[in-house]
1. Can you tell which of Thr72, Asn60, Gln115 lies farthest toward the positive end of the dipole of the chain, using +1 and -1 charges on the Cβ of basic and acidic side chains (Lys, Arg; Asp, Glu)?
2. Please give the calculated 222 nm ellipticity per residue for the chain, where each DSSP H segment of at least 4 residues contributes -39500 (n - 2.57) and the sum is spread over every residue; nearest 500 deg cm²/dmol?
3. Taking trypsin sites (Lys or Arg not before Pro) as candidate sites, keep only those in a DSSP loop with at most 16 other Cβ atoms within 10 Å, then name the longest stretch of the chain containing none of them.
4. Amide H neighbours of Leu193 under 5 Å, counting only residues 5+ apart in sequence or on other chains, H built in-plane at 1.01 Å?
5. Against the longest alpha carbon principal axis of the chain, how many degrees, from 0 to 90 and to the nearest 10, is the axis of helix 8-59 turned?
6. Using each residue's phi in the range 186-191, evaluate 6.51 cos²θ - 1.76 cosθ + 1.60 at θ = phi - 60° and report the 3J(HN,Hα) Karplus result to the nearest Hz, with x for Gly and Pro.
7. Could you work out how far the C-alpha centroid of the range 148-173 sits from that of the range 64-103, in angstrom?
8. When a footprinting reagent is the concern and you count Cβ atoms within 10 Å, what order do Ile100, Ile128 take, fewest first?
Amino acid sequence: MFEFINDEDERGQVGIGTLIVFIAMVLVAAIAAGVLINTAGFLQSKGSATGEEASAQVSNRINVVSAYGNVTGSEKVDYTNLTVRQAAGADNINLSKSTIQWIGPDTATTLTYDQSTANDTEFTTESIKGDNTDVLVQQSDRIKVVLDSKAITTDGLKAGEEVQLTLTTQYGSKTTYWANVPESLKDKNAVNL
């Protein structure tokens, strides 16, 4: 049943063959382990980066504290003003890198930041409380966002109209605010929106 090999030369060749097969198996296992470790490290770093981006989108938001509009003599809102602050737990928010999507009665457009003036494609900011005119650093900071309603729409916002404003920060987080013009603008210089 078992064959005994008595010749010393033949015994050594069988041992070397077994050793070569064993070394080959160890090398294959080591390469496979290296590939698995590299893949696991890559997936871990990718998952960590994705988690940080998702967290920033959720937490780095803007809160609209209040909104008002300037009323012209022709009973239309010519400027829409939003007072904004950081949401709780947010990092610094740079409004100059933010956009505002305006969906109004007869216009839909995306506004970008301009340091000096608001017009039909750009908004501007002014500091109310804090040291910066365009960056929210602390939760106590307040910045006024100025939108030129008369330039964006055909002739300004009329009584009873509403506008959906979506503020998107540099982190990609979005805040939506509905600005509703009151039903009557008679004898008013400014109204809450």
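The numbers here are math on the coordinates, done by the rules we state, and not lab data. These figures come from a predicted structure and were not determined experimentally. Here Cβ is always computed from backbone atoms with ideal geometry, including for glycine, and neighbour counts include all displayed protein chains.
1. Thr72
2. Working: 2 runs with 56 residues, N = 193.
Calculated mean residue ellipticity at 222 nm is -10500 deg cm²/dmol.
3. On the way: sites that count: Lys158, Lys186, Lys188.
So the longest stretch without any such site is 1-157.
4. Here Ala67, Tyr68, Gly69 satisfy the definition.
5. So the helix axis and the longest Cα principal axis differ by about 10 degrees.
6. Ordered by residue, 3J(HN,Hα) equals 5, 6, 10, 9, 8, 9 Hz.
7. Taking the Cα centre of the range 64-103 as reference, the centre of the range 148-173 is 9 Å away.
8. Details: Ile100 22, Ile128 14.
Fewest-to-most Cβ neighbours within 10 Å comes out as Ile128, Ile100.
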